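Asks: The structure under discussion is supplied below as structure tokens; questions concerning it will follow.
The values are calculated or read from the model by the stated rules, or taken from the named source; none is laboratory data. Being a predicted model, the structure only gives us computed values, none of them experimental. Methodologically, a virtual Cβ is constructed for each residue, glycine included, from the backbone with ideal geometry; neighbour enumeration extends over all protein chains shown. For the accessible areas, the whole protein counts, side chains as well, though only heavy atoms, and no ligand, DNA or RNA atoms are used. Shrake-Rupley method; radii C 1.70, N 1.55, O 1.52, S 1.80 Å.
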Amino acid sequence: MKIAYLDCPSGIAGDMTLAAMIDAGVPLQLLQEGIASLGLPGVRLVVEEVKRHGFRALHLTVEHEPEHAHRHLHHIDAMIDAGQLSAAQKELAKRIFLKVGEAEAKVHGSTLQKVHFHEVGAIDSIADIVGAAIGWDYLGVDRIVCSPVPTGTGYIEIAHGRCSVPAPATAEILKGIPLAQSDVPFELTTPTGAAIVATVVDQFGPLPAMQIDRIGYGAGTKELKSQANIVRLILGETADPLDSDQVWVVETNLDDISGEVIGHASNLLLEKGALDVYSTSIQMKKNRPGVQLTVLCDAADLAKMERILFRETGTLGVRRFPVSRHKLVRREHAVETAFGLVAGKLAWIEGGPASFSPEYEACRALATQHDKPLREIYDAAQAAFDPNTL
């Protein structure tokens with residue numbers, strides 16, 4: 001299984017990601033041609049070798065003619081659709097921009113249709129995101145893992161004035177992603193970098209077991225006093241055809257609360273980041289029927305899950321223990337149907353065919369919109385899926 005690891009001790013930005021990809025073997029000409037096909041005026045990628053805190057890396061600059069355009073999401077989607085990109089590259093680029101659009105709409109109290117893209121709608125950010133989509137497609141990795149992401153500290157000036165780091169949209173994009181503490185007085189992670197990570201990464205944590213093939217180093221523009229301002233992209237392979245990780249199980253036995261309380265607690269746990277929640281009928285002491293409520297979660301969410309269980313159920317104690325998981329390799333995917341775009345997930349064992357699972361919420365929304373049975377939307381999504389997609 002091909003695997004990529006993003007090592008981000010100094011945060012991540014779009015230009016750093018793209019430079020690391022080029023250093024790891026993605027052809028500069030491939031990126032240049034794909035970005036040029038978007039019709040942006042005079043765009044040229046310039047790469048140079050630099051040193052950051054004594055370490056070599058590639059630094060990328062996106063040269064272009066001056067402009068003052070403020071784009072909406074539909075403008076950018078139309079630009080991507082008109083470009084000479086593969087279907088997979090277009091789909092990934094639009095998903096990254098959607099991640100930014102959702103964050104911008106949330107922090108400005110607007111909608112996806114109305115929100116303006118300021119910094120991320122500029123030519124260099126468009127080039128970084130579309131270039132990253134081309135780069136990931138070229139690398140063809142099965143799984144992407146990333147270190148916890150530092151954001152830096154201090155203040156920056158954006159289109160809306162002075163704000164603290166992380167910028168509001170960046171913080172919104174990074175919700176649910178493990179952050180690393182950093183006292184560097186600089187914006188280490190940009191909205192573009194955050195959106196790329198939030199969209200493509202399958203798992204956050206330390207370097208996984210792998211045999212390293214190539215390493216690419218992408219430099220940020222600023223020279224930091226305390227550390228190298230570099231993103232490191234490590235590419236390699238693992239012999240295990242299945243994805244694996246470690247999560248935590250938290251469980252408690254309940255025999256004195258109603259089913260409504262258990263249902264409410266279960267929903268709340270899922271909303272707050274639990275990977276899974278389920279209940280099991282058990283026989284407790286003195287022949288009392290009861291329920292075992294079990295939560296599966298990441299280590300970073302362990303304390304939060306326990307607080308919810310104590311507060312919502314009134315239990316006097318919980319058990320917790322780590323477990324190892326094996327799971328199919330997965331990635332997000334979408335198919336076009338007569339009813340609209342249906343998001344879902346691909347899953348496969350290395351060397352085997354992929355299967356497609358449509359997302360319930362995507363199908364439910366289309367079923368409601370078109371007044372169709374939910375099963376009809378599911379069937380249309382499955383029929384639209386190409387099993388050779390990988």
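Asks: Give me the distance in nm between label points sitting 7 Å out from Cα along the Cα-to-Cβ direction at Val261 and Leu30, one decimal.
Replies: So the label points at Val261 and Leu30 sit 5.8 nm apart.
Asks: Any idea what angle helix 123-139 forms with the longest principal axis of the chain, computed on alpha-carbon atoms, 0 to 90 degrees, nearest 10?
Replies: Result, in degrees: 70.
Asks: So which lysines can Lys345 reach, going by Cα to Cα under 26 Å and dropping same-chain residues fewer than 8 places off?
Replies: Partners found: Lys2, Lys90, Lys94, Lys99, Lys106, Lys175, Lys272, Lys327, Lys372.
Asks: Run the 1.4 Å probe and let me know the accessible area of Leu112, rounded to the nearest 10 Å².
Replies: 50
Asks: For the chain, with only Lys/Arg (+1) and Asp/Glu (-1) charged at the beta-carbon, what is the dipole magnitude about the Cα centre, in debye rounded to 20?
Replies: Using only the charged Cβ atoms, the result is roughly 1020 debye.
Asks: Compute the FRET efficiency between Gln203 and Asp379 as 1/(1 + (r/R0)^6), taking r as their Cβ-Cβ distance and R0 = 35 Å, and round to the nearest 0.05.
Replies: Efficiency at R0 = 35 Å is approximately 0.65.
Asks: Starting from the amide H of Asp245, placed 1.01 Å from N in the peptide plane, find each other amide H under 5 Å away whose residue is 5 or more places distant or on another chain.
Replies: Residues meeting the criterion, in which the H sits 1.01 Å from N, are Arg325.
Asks: Under a Cβ-only charge scheme (Lys and Arg +1, Asp and Glu -1), can you give me the dipole magnitude of segment 242-359 about the Cα centre, in debye to the nearest 20?
Replies: 440
Asks: Once ligands and nucleic acids are excluded and a 1.4 Å probe is used, how much of Glu157 is accessible, expressed in Å² to the nearest 10?
Replies: Spelled out: Glu157, probe radius 1.4 Å, area about 130 Å².
Asks: Can you tell me, using C-alpha contacts under 8 Å and at least 6 residues apart, the relative contact order of the chain as a whole percent?
Replies: 18
Asks: If you don't mind, another one. Report the local net charge at Pro289: Lys and Arg +1, Asp and Glu -1, summed over other residues whose C-beta lies under 13 Å from its C-beta.
Replies: Combined, the nearby Lys, Arg, Asp and Glu give +1.
Asks: Tell me which lysines have Cα within less than 23 Å of Lys51's Cα, excluding those fewer than 8 residues away on the same chain?
Replies: Lys222, Lys225
Asks: Tally Lys and Arg at +1 and Asp and Glu at -1 over the other residues with C-beta under 15 Å from the C-beta of Ser258: what net charge comes out?
Replies: Residues near Ser258 contribute -3 overall.
Asks: What part of the accessible area of the chain, given as a whole %, is carbon or sulfur when the probe is 1.4 angstrom?
Replies: 52
Asks: Roll a 1.4 Å probe over the protein chains and send me the accessible area per residue for the chain in Å².
Replies: 49
Asks: Say each of Ser357 and Cys163 gets a label point 7 Å from the Cα, pointing the same way as Cα to Cβ; how far apart are those two points in nm?
Replies: So the label points at Ser357 and Cys163 sit 3.5 nm apart.
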